[in-house]
1. Any idea how far the Cα center of segment A:94-130 sits from the one of segment B:257-272, in Å?
2. Taking each label point as 7 Å beyond Cα in the direction of the beta carbon, state the distances from A:Lys69 to the same residue in the other copies, shortest first, in nm.
3. Suppose a student asked you for the relative contact order of segment A:1-137, using Cα pairs under 8 Å spaced at least 6 residues apart; what percent would you report?
4. Given springs between every Cα pair under 10 Å in a Gaussian network model of chain A, which of A:Lys65, A:Lys253, A:Lys171 has the largest fluctuation?
5. Return the distance in nm (one decimal) between the two label points of a simple spin-label model at B:Ile238 and B:Val189, each offset 7 Å from Cα along Cα→Cβ.
6. Please turn the phi angles of segment B:175-187 into ³J(HN,Hα) values with the Karplus equation 6.51 cos²θ - 1.76 cosθ + 1.60 (θ = phi - 60°), one per residue in order, whole Hz, x for glycine and proline.
7. Taking 29 Å as the cut-off for C-alpha to C-alpha distance, list the pairs among A:Lys208/A:Lys256; A:Lys253/B:Lys126; B:Lys2/B:Lys159 that go past it.
8. Could you work out [θ]222 nm for chain B from helices alone, using -39500 (n - 2.57) per DSSP H run of at least four and dividing by all its residues? Round to the nearest 500 deg cm²/dmol.
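The values are calculated or read from the model by the stated rules, or taken from the named source; none is laboratory data. Every value quoted in this text rests on a predicted model; they were computed, and no experiment measured them. When we count neighbours, we look across all protein chains shown, and the Cβ atoms used for this are built from the backbone with ideal geometry, even at glycine. For the accessible areas, the whole protein counts, side chains as well, though only heavy atoms, and no ligand, DNA or RNA atoms are used. Shrake-Rupley method; radii C 1.70, N 1.55, O 1.52, S 1.80 Å.
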There are 2 protein chains.
Amino acid sequence: MKVIRNIKKIKTILSKARSEGRTIGIVPTMGALHQGHLSLIRRARHDNDLVVVSIFVNPVQFGPKEDFKKYPRDLKKDALACRKEGVDIIFYPPVKEMYPSGFRTYVEVEGLSTVLCGASRPGHFKGVATVVAKLFNIILPSRAYFGQKDAQQAIIIKKMSSDLNMPVEIKILPIVREKDGLAMSSRNVYLNKEERANAVILSQALAKAKKMFHSGKNSREVILAVSGMIKEKKGAKIDYICAVDPQGLGPVKNVKNSILLLLAVKFGKTRLIDNIIIHGKKN
Amino acid sequence: MKVIRNIKKIKTILSKARSEGRTIGIVPTMGALHQGHLSLIRRARHDNDLVVVSIFVNPVQFGPKEDFKKYPRDLKKDALACRKEGVDIIFYPPVKEMYPSGFRTYVEVEGLSTVLCGASRPGHFKGVATVVAKLFNIILPSRAYFGQKDAQQAIIIKKMSSDLNMPVEIKILPIVREKDGLAMSSRNVYLNKEERANAVILSQALAKAKKMFHSGKNSREVILAVSGMIKEKKGAKIDYICAVDPQGLGPVKNVKNSILLLLAVKFGKTRLIDNIIIHGKKN
């Protein structure tokens, strides 16, 4: 396994691989790898001849008051995990390599990137779309793997990729959860013991929502109940709870085909997100 | 020579060519091909195994009051010219193929796209950058050819391509002029006889500017003189005359390394642009 920090160098290596007809899978990450990431890497390993994991804490997707500086970084641990999963290359560029002085080009998926998480994190999805476009152009992967945990990000990247005709197949894999149901996230390490215990309410609330939708309740009723459950937990501060159409992110009232229920909740200083897709027929 | 209207189809053909190790050159155009375009095509023919000319009048780069509808279109004539130059494929997609319903992803080179022509044509360069990004992703060319005539467009596309790590070499070729000096443009056909005669002042003014810069005059003096020459022509309406740094488009006073003098002038309803790069040492 190679750790490569230089764009030109990785381009040269991958260009050779492509000319030999090898397929390339990329798993774009910000490091602090957990079981969620590893599920993406395993799938990439299964599907492709060559697996690239990018580890880049992307400054452009953090707001000025967000946790860019304290975001967990541990290359050694991440590299060990990648090696164990048979990753071929870790792409680990410095910020200056990705954003040299004078950088000024951005990709934006208009309409989808300013709602939900985009409303509380202005510029976040523009930063995500831009860095993913850059990674796609550098790696030219056959397939790229993202987690359903970041549901809005997944929708935006799929839309960007199809709108701009990017020559890559986008694969979205299911949320991986802790035993008690908490969605895996690199930010879970920020939680203290009490917050960690309380945070389990999110997955419980989503499970409850699924039952309610299936018993015929509408969005308003479901969101009210979910919101009530979460508010009971000390220190939980709801950012949003929304029921939307899984493609366009527009609001929906009842489950016909499918509904995406998304939530963002702060426990202390830590903002967690979770979501569930609920299909019209019980499944 | 093939004329292909479908994205999937051209992708399949070109993917085969690439896998055989053939290089691909693209000349993106809006059709109404003139000698300027042909100079790009000839260079692309010389440099690459396969030459693709795209002909697409891109609605997204036209303002609501601009000439999208009346922009000259003549596929038959263009196809004849392309065949004569040994073009392999004309990519001629319908608008719906490039912008299906729900399209919402745009590329913007911030700062460079809202000045000069971008100031009088809001959204123009966002439309240009977006369609060029799409064409690059569809064609995956080794090289792409643009004319220096659209100087700001050339700068923006080079910046976009380098900022987003697009795997393509951008080639900018010199302006091709009519015998009397008027820069070739598809919009020249809009000019009536008098306007056509008057329009020659643009290239004459730029030649005068070069002499003045080389004799030590500064930007203010040069622009004043150029502007005076143009204003003498009946019906000429100056949009802008600017002396800028050829990379960043920032204002410059004196020629040290090089200066880009740009102008946009309306003759009747027709807006023409022209420019010259002047180097510090006489050349």
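1. Distance between centres, Cα-based: 33 Å.
2. Copy-to-copy label distances at A:Lys69, shortest first: 5.8 nm.
3. Numbers: 187 pairs, mean separation 40.6, N = 137.
Once divided by the residue count of segment A:1-137, the mean separation gives 30 percent.
4. Fluctuation is largest for A:Lys65.
5. Once both label points are built, they end up 3.1 nm from each other.
6. Taking θ as phi minus 60°, the curve returns 5, 9, 10, 5, 4, 7, x, 4, 5, 4, 7, 5, 7 Hz for segment B:175-187.
7. Numbers: A:Lys208/A:Lys256 18 Å; A:Lys253/B:Lys126 36 Å; B:Lys2/B:Lys159 32 Å.
Exceeds cut-off: A:Lys253/B:Lys126; B:Lys2/B:Lys159.
8. The helix-only estimate for chain B comes to -11500 deg cm²/dmol at 222 nm.
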